[in-house]
Amino acid sequence: MAAKEFIVAIELGSSKVTGVAGRKNSDGSISILAVAKEDSSSFIRKGTVYKITQTVKCISDIVAKLKAKLKQDIAQVYVGIGGQSIHSVNNNIVENFYETTGVTSLIVNRMMDRNRNASYPDQSIINSVPQEYLVNNSLELDPEGIQCQKLEGNFLNILCRDKFYTSFHSCFKDAKVAIAETYLSPLALADSILTDNEKSSGCVLVDLGAGTTTVAVYYKNILRHLAVIPLGGNNITKDIASLKIDEDMAEEMKLKYANAFTEESEIDETLSYPVDTERQIKSTDFIKIVEGRLQEIIENVRYQIPNEYLDKLLGGIILTGGGSNMKNIEKAFRKFMSINKNAYISKETSIEKDTSIDKVRVANFVTQKIVSKDADINAHDGMMNTVLGILAKGDMNCAGLEVPEQQDIFVGSVPTPVKSVDDVPQQDVTRSELKPGVVPPPVEPEKEEEKLEKKNKQSVGSSFKKLRKFLNGLIKEED
């Protein structure tokens, strides 16, 4: 029997593309109806698309597999965007008033719009997270209603390279798969595995993927920094392969023997690992290679934590992704995070702060209740967390056929289902209206031209106004 209502999420990863269809139940749980996976190592690198044709075919294949399992057409999907192209930058916007003024929502929205219009060469702002506002020399999360003469807004802008931004969406368009909404994968992941206490007290989310390692820093429930390090599990595999081992065999050996951290007392100088019937490699050489690359990854993670939060991360480090399954990964982070640490001296007190982070946990699965018979999901190995996080964000029916009105299996109201991909309304919202974590679609070229033309008209109009004001002033002086 065909499923009548469901949500579909797709994640484009460095090692695989994953599609999941699920139904949200009235008790808050999610029932998984179908799962489809395709290898992506030949056309997605470091989380970014570099072979469009193959990516388009893969997306089409994923959707076709899900349709076959669901016995139902798919009209739209939720997707996640991440990868090496994503990173964050801070931006400050200042509003000066002629006299003491009460801050209104209009003023705050105007500052947000000014921030959204910030320009970055060859990059687009795909999301923006307001930090604190500086009002009367004090930091406020919500400045509305406060009297002041100067308001300074601090924003964390999430940027993406224009080339990847457009090619990502082009792949779905060419595959004739409509996008319901695009979410920033790291933020969707964070909302599904971090606790409220961790976000509030300060924590670092580390997603150890195949091609990249994503770092997200939270403090007081606000995202403070986001970075994607172009190093992951594949780098460890390639390092092992440098010992003149076939890469497939190197991957197998990594999964079987790799230990993130080995105490010196536990190292057996006589132990060797078999490569095949004729070759072996010393365990000491294997350990050096694995730990050497892991230390590099972990030190890069530490480098991405802004100094002002180093001593505030009471929630510790939360590890997820395929790399988090490596034996003793928590020990490795505790050990290598404290090596070669930069001395941090507080600007407020000029006292050196303790920046060691001993609290480390592995998040093998999302916090939502998931009901599934699929082995990959039930493995609880962290590798399905991101796509499940994207699925949990969905709130629109993705089924292609019309569903009887009385059949409501979603929490809350369900939008009227659509009949085909062509019937799906595309995202058409201004950037200031976006929900947290939602990425807007690329602006069409003609719309950019219209925007530029409008800006030029406004500029000309403003110049005429200034000229008229100047001439009126001269006339008054003559009178």
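The values are calculated or read from the model by the stated rules, or taken from the named source; none is laboratory data. Quick caveat: nothing in here was measured; it's all calculated off a predicted structure. No Cβ is skipped: glycine too gets one built from the backbone with ideal geometry, and neighbour counts run over all protein chains shown. What goes into the accessible areas is simple: the full protein's heavy atoms, side chains included, and nothing from ligands, DNA or RNA. Shrake-Rupley method; radii C 1.70, N 1.55, O 1.52, S 1.80 Å.
Quick notes
- Cross-link pairs K282/K335; K220/K369; K4/K69; K69/K373 - those with Cα-Cα distance over 22 Å: K282/K335; K220/K369
- Quotient of the Cα radius of gyration of segment 154-307 and 2.2 N^0.38 Å, N being its number of residues: 1.33.
- Highest average first, the peptides 243-255, 39-51 ordered by how many other beta carbon atoms sit within 10 Å of their residues are 39-51, 243-255.
- Per residue, the accessible area of segment 1-153 comes to 45 Å² when a 1.4 Å probe rolls over the protein heavy atoms.
- Taking a sphere under 13 Å around the Cβ of K369 and counting the other residues whose Cβ falls inside, with K and R at +1 and D and E at -1, yields a net charge of +1.
- Restricting the calculation to Cα atoms, segment 135-220 yields a radius of gyration followed by a Dmax of 18.3, 53 Å.
- Accessible surface, per residue, of segment 238-324 when the full set of protein chains is kept, probe 1.4 Å, Å²: 55
- Calculated FRET efficiency, N137 to D113, Cβ-Cβ distance, R0 = 35 Å: about 0.90 to the nearest 0.05.
- Close amide H contacts of Y183 (hydrogens built in the peptide plane, cut-off under 5 Å, sequence separation of 5 or more or a different chain): V79, G80, I81, V439.
- Using the Karplus relation 6.51 cos²θ - 1.76 cosθ + 1.60 with θ = phi - 60°, the per-residue 3J(HN,Hα) values for segment 149-157 come to 10, 8, 10, 10, x, 10, 10, 9, 8 Hz, with x marking Gly and Pro.
- Scanning residues 5 or more positions from K359 or on other chains, those with amide H under 5 Å from its amide H are I317, with H placed 1.01 Å from N in the peptide plane.
- Amide H contacts under 5 Å for R224, placed H, 5+ residues apart: V217, Y218, Y219
- FRET efficiency for V443 and N378, using Cβ-Cβ distance with R0 set to 51 Å, rounded to 0.05: 0.80
- Segment 1-77, accessible surface, carbon-and-sulfur percent (1.4 angstrom probe): 50
- Residue-span extension gain [E99 to D162] - 0.36 nm each, minus C-alpha spacing: 18.6 nm
- In order along segment 228-245, the phi-based Karplus estimate (6.51 cos²θ - 1.76 cosθ + 1.60, θ = phi - 60°) of 3J(HN,Hα) comes to 10, 8, x, 9, x, x, 4, 5, 5, 4, 5, 5, 5, 5, 5, 7, 6, 10 Hz; Gly and Pro are listed as x.
- Here the 3J(HN,Hα) profile of segment 382-396, calculated from phi with Karplus coefficients 6.51, -1.76 and 1.60 at θ = phi - 60°, is x, 7, 9, 4, 5, 5, 5, x, 5, 4, 5, 6, x, 9, 10 Hz, Gly and Pro shown as x.
- Overall, the ratio between the Cα radius of gyration of segment 222-316 and 2.2 N^0.38 Å, rounded to two decimals, is 1.35.
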